[in-house]
Structures are given as structure tokens and as C-alpha cells.
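The values are calculated or read from the model by the stated rules, or taken from the named source; none is laboratory data. Here the structure is a predicted model, which is why all the values come from computation and not from measurement. So basically every Cβ, Gly included, is an ideal-geometry build from the backbone, and we count neighbours across all protein chains shown. The accessibility values were calculated without ligands, DNA or RNA, using every heavy atom of the protein model including side chains. Shrake-Rupley method; radii C 1.70, N 1.55, O 1.52, S 1.80 Å.
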Amino acid sequence: MNDTDVNTSICPRCDAENVRVLTTSPVPGGWTMYVCVTCVYSWRSTEPASATDPLTYPAEFKINPAEIPAIPAIPAVPPRRR
Amino acid sequence: MAYADLRDFLAALDREGQLLTYSEPVAPEPDIGAAARATANITDRGPALLFGNINGYEPGKGRVAINVVGSWPNHALLLGLDKDTSVKDQFFEFAGRWDAFPGPIVRREDAPWKEVTLTEDIDLFQLLPLFRLNTYDVGCYIDKAVVISRDPDDPDDFGKQNVGIYRIQVKDKDRLGIQPLAAHDLGLHLQHAEERGENLPVAIALGNEPVITTVGGMPLAYDRSEYEMAAAIQGAPYPITTAPVTGLDVPYGSEVVIEGEIIAGEREIEGPFGEFTGHYSGAKRQPVIRIHQVSHRRNPIFEHLYLGMPWTEMDYTLALNTSVPLYRQLKTAFPEVTAVNAMYTQGLLGIISVKQRFGGFAKAVGMRAMTLPHGLAYCKVLIMVDDDVDPFNLAQVMWALSVHYHPLHDTVTVPNLSVLALDPSSDPAGITHKVILDATTPIAPEERGHYSQVVGNPERTADWENIVKGLLK
Ligand SMILES: [Zn+2]
């Protein structure tokens, strides 16, 4: 599979059009890693469709970008000492 | 018996026929995770796997070692024992060495990971063949490195310096996500740093000899040094080196040392990650590490741990370092406890053998186990057996459960106790009922059942065990 065969503009997990190149392989032409700026999902151009295809990514692993800010912070940030 | 570093241990595994070097080309995904999963699926005596030809990396450069302690023979070799040592014998050997705490440390400054230093344009993906382990992990993780930190309120206390294993998501070339739960020592260090409004310096040491990795996953008291425990377990002084930027003490023999800081007040989406419960963790907003410097050997080996549905390397690695602390703490209160097998999903299920003093005694011992530090997050199902039942022999345990356990008299359910939130049955997450199944033989004043006519071993059975063993060799 070549880079041109995979989706590189929409995040497979959250469908945000907020994807950038993370890095490329040490040996040129091996692969490209992408990362979604919205949900920090990352994937490699050479991965199976299970990791790269927004249309078939399973619903139970999808995430709605609007819900990200409400995800619990663990551990919670403690108050500053006075 | 002490291994100098990961390479020394891999060489020992190779000599014993417990290392499989794979030189054919492989894809980072799904091959490496699949190979580790497959090895765990087919045998409990499997080898470590070493991949040296990974797509995108020059052959012989990006190397991955996985499943390094992924079997009982490899665990025995970790302890310097014969690879055929039984699990029960490995347990008692481990427990004996645990009592040698604290062992000595030795400081050395000529660490092999000082060969190369990166301070600018850091890109972990160039240095290490990072890869997605399980299909729906959110990205690439580092899951077998030891993370070192100090208590900002007491930075000079060597014992409070923590060495622990935490899952780390590689979010960018030089930026990581980490999961320090509030109950973890690292969580406490971060809490103190954030209360002071300071970032928390951390060092992440990858690719180590197997003892510090084992101790890093051990539930030790807060002020106990993991290095001093590693020295006790390996029976030799543990060598450490000062990390150049943070001044933290890191293992002498590591492949790679990453230094940076957890950024105070920052939380960012992390996960899901396939966990040791056999389920994905879901996503949370968790702390973030900014990397400042990386020190490494030339052509470092990236050591990784496969985890997922048990059994995997995670279970072999944690089996005895979960069981032994429970055993030691339980025996302090009840010397009648003879062994503890808490190696099922890190002790969510455990088996305890005990010599009963009087009727109801085993149930009390089970209650005590639930209230030990590890029990607060685990010990959801406890099976109590007599002292002549080997808790590591499931055939014997199932026998005891099938003929000694009476559902009406021998079930103790304790409602709404704490458990780790990752237990997918907990509801709400972190709360569960717990149960003791008492499969000991009832004794006075609890006189019930028909247990007076046990079929024991014929005379000379012990002699014949040795004869048959000898003939089989
Ligand atoms: Zn996304």
C-alpha cells in the first residue's frame, strides 16, 4: 500500500479534518506517521485498514471531538498551596 | 546471579534456547504485536522474540525485543534458576530473596547509555521502532520502561525516589502522555509538584535487565527503594548512574534514558490502550511529558511488553511480585498462611492456602487479604484452600473447590468495596462486591460434611516420584 492509497486528511477515530504528518521512516519511503491534532490518534501509512479507514473504524472506538473537553482528568489537578 | 543489562539477559536466554531471533523483514503493524500474542497463545514455555529487520529501519538498527519474560522458563532464568524450576519453587525462592531487603546499591558514572546524547530535534520514532501493539490502541506506546521521579517535598530522600512502570503514549516526536494514578507513587510526586506549581522532572529508562523491571511493577511501601529491592532479588549490588539533566538515579545498564518533565496543570486526552484485564481502557485526560534530552547506546534495542487478554508476558512478569508481597503481609498477621497464588489478572482473583486453627479461620484470613494495600484494588475473588493443597496447582485447587466448598456455608460476599477502575465488571467503576470461596475442610466447631475417609497416596509414592522423574530425564 502506498501513501496515496490511504486517507490522510480525516482522522479515522474522530473524523476531524485536523491531521498533520508526525514523522517519516528513517529509511526514506518506508512509511509516514500521521497524528490527529484534535484527539491525538496516530497511525502509520502502512497499517491495515482497521487503523486507517474513517468509514469502517468501529463505533465503540470512535470519539466525538465535542465531548473531549468533558472527559475526566485523571488524576485531577490539585489546588495550589497558599 | 545478576545480569549486567538487557543484552546480557538476552544472551543467557539464547544459550538456554529461549530466544528466537527473527531476521526476515516484518511490518511494525500488525506483525510484532501479533507475533508476541501468538507466542503467548501457543505455549507457557515460549521464547523471547528479537526482531532485527523492521520496515522503515535499516536492518540491524531498529531492533525490538518482546516477550522477554513471557514464560515460566524465562522467569526462572530471570532469577538465575534452572529453566525447569516449578512455579511453586520460584515463588518460595522469590519470597526468600524479598526478605533480604534492603540490598546494597553501587554508583557508577561510566554508563553505556552515555554513548550518544540528543538535545535538539529529538524524534523518538527515528531512534526506536515504536509500533501499535493492539488494534485499537490510540497510538504507539512505551509500556516496559521504568519511570524515575523524586518527591518534590523531600527530594533528598533516596527511599522516596520512585522507580515504577507506567504506560506512556508517544504523542509526538518529543512529547509523551503518561498515566500516574493518584494511588501510585508517581501520582503522589506529581500531586506535590502541582500543589507547589512546579513541573515534575522525570527520567524514563528503557531496555533494562529484567530484575528492575520486575521490581518496578511491585507494590512496595512508599519509602522503600526499588533499587535496594532489586539488589535483594538479584543477590548482588544494584548499579545506578546519575542522569545528566534531572540528577535522578537511573539503572546503569539501560539502553536509552529519556529525561524531561511532567507539565504542571496540563491534562490531555490519552488512550484507549489494551490493558491486562483483556479490555481496552477507554480515554481519559492525563498528564503530559515534555522531553528535554535523550541519552542512548548506539543502535539501542527497544524492549516492549505485550499485554492484553491473559495470559501474556504481563502476567508472567507480575505473577510472583504480586503474590509474594501479599504472602509476606498476610503471614505477618497469620503465620498459618502457607502460600499465596495471586497471579490471575494481577490478583483480581487469588488462591490462598492456610492451615486452619479452628472453624471459620480461613474466612477471616480471606477478609484480611482484602484489606491489605494490594487488596484494596484487587482480591475480588479469593479461594481459600488447606495447607496441603498447592495453590499453584489448579487441578488441586479445583478438586478442593469441587468437594470442600459448600455454597450455603462457604460463600462470604462483602458489598461495595474498592477495586481498580479498570475492572470492567466494577459498577460504578472502582466499586465492586467481593467474595471469599472457602474450600478448606471444615474443622471444629464447624462439623459438617463427610471428610474422614480421604484417599491418600499409597506407601512409597514419594520414592516412586523420584524413580519416575529419574527415568524421564
Ligand atoms: Zn482524531
Taking a 32 Å limit on the Cα-Cα distance, which of the listed pairs B:88/B:380; B:284/B:363; B:83/B:144 fall beyond it? B:284/B:363
Using θ = phi - 60° and the Karplus curve 6.51 cos²θ - 1.76 cosθ + 1.60, what whole-Hz ³J(HN,Hα) does each residue of the range B:94-99 get, with Gly and Pro shown as x? 4, 5, x, 6, 3, 5
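To one decimal place, what Kirkwood hydrodynamic radius in Å is obtained for the range B:112-263 from all pairs of distinct Cα atoms?
For the range B:112-263, inverting the mean 1/r across all distinct Cα pairs yields 15.9 Å.
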Per principal axis, descending, Cα span of the range B:271-408 in whole Å: 61, 30, 28
Taking beta carbons within 10 Å but only from partner chains, what does the mean come to for residues A:35-42? 5
I want to verify the translational diffusion coefficient of the range B:192-280 in µm²/s; compute it with Stokes-Einstein, Rh as the Kirkwood radius over Cα pairs, at 20 °C and 1.002 mPa s. 140 µm²/s
Burial-style ranking of B:366-376, B:131-141, average other-beta-carbon count within 10 Å with highest first, yields B:131-141, B:366-376
Just to be sure I understand: if you take the accessible area of chain A alone plus chain B alone and subtract the pair, with a 1.4 Å probe, what total do you get in Å², rounded to 100? 3400 Å²
Any residue on another chain or 5+ positions along whose placed amide H is under 5 Å from the amide H of residue B:387 is listed here as B:354, B:355, B:356
Average partner coverage of A:68-74, which counts Cβ from other chains inside 10 Å: 6
Tail weight of P(r) past 19 Å, computed on alpha-carbon pairs of the range B:42-172, percent: 71 percent
Before rounding to the nearest 500, sum -39500 (n - 2.57) across all DSSP H runs of length at least 4 in chain B and divide by the residue total; then give [θ] at 222 nm in deg cm²/dmol. -8000 deg cm²/dmol
Order of B:147-155, B:64-72 by packing, highest average Cβ count within 10 Å first? B:64-72, B:147-155
Can you compute 3J(HN,Hα) from phi for each residue in the range B:449-462, using the Karplus curve 6.51 cos²θ - 1.76 cosθ + 1.60 with θ = phi - 60°, rounded to whole Hz and x for Gly and Pro? x, 10, 10, 7, 10, 6, 7, x, 5, x, 3, 6, 4, 4
At R0 = 51 Å, FRET efficiency that the Cβ-Cβ distance of residue A:8 and residue B:182 yields, to 0.05: 0.85
Taking N as the number of residues in the range B:6-314, what value does Rg over Cα atoms divided by 2.2 N^0.38 Å take? 0.95
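For the range B:276-331, report the translational diffusion coefficient in µm²/s to the nearest whole number, using Stokes-Einstein at 4 °C, 1.567 mPa s, and a Kirkwood Rh over Cα pairs. If you can, show how the numbers build up before the last one.
Numbers: Rh = 15.3 Å.
Estimated diffusion coefficient is 85 µm²/s.
Please work out how much length the chain gains when fully extended from residue B:224 to residue B:357, using 0.36 nm per residue of separation minus the C-alpha to C-alpha distance, in nm with one decimal.
Details: separation 133, 0.36 × 133 = 47.88 nm, distance 3.34 nm.
My answer for the length gained is 44.5 nm.
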Would you kindly compute the Cα radius of gyration of the protein assembly as shown and its largest Cα-Cα separation (Dmax), both in Å? 24.5, 77
Globularity index of the range A:3-70, i.e. its alpha-carbon radius of gyration over 2.2 N^0.38 Å: 1.10
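Under a 1.4 angstrom probe, counting protein chains only, how are B:107, A:20 ranked by accessible area, largest first?
In descending accessible area the options line up as B:107, A:20.
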Identify unpaired cysteines across the protein assembly as shown, taking unpaired to mean no other cysteine Cβ lies under 4.7 Å from the residue's Cβ. B:140, B:379
Quick one: accessible area per residue over the protein assembly as shown, 1.4 Å probe, rounded to a whole number of Å²? 41 Å²
Viscosity 0.890 mPa s, 25 °C: Kirkwood-radius Stokes-Einstein D of the range B:347-473 over Cα pairs, µm²/s: 151 µm²/s
Expected sort for B:204-210, B:256-262 on mean C-beta neighbours within 10 Å, highest first, is B:204-210, B:256-262
Give me the inter-chain shielding for B:133-145: mean count of other chain Cβ atoms within 10 Å, whole number please. 3
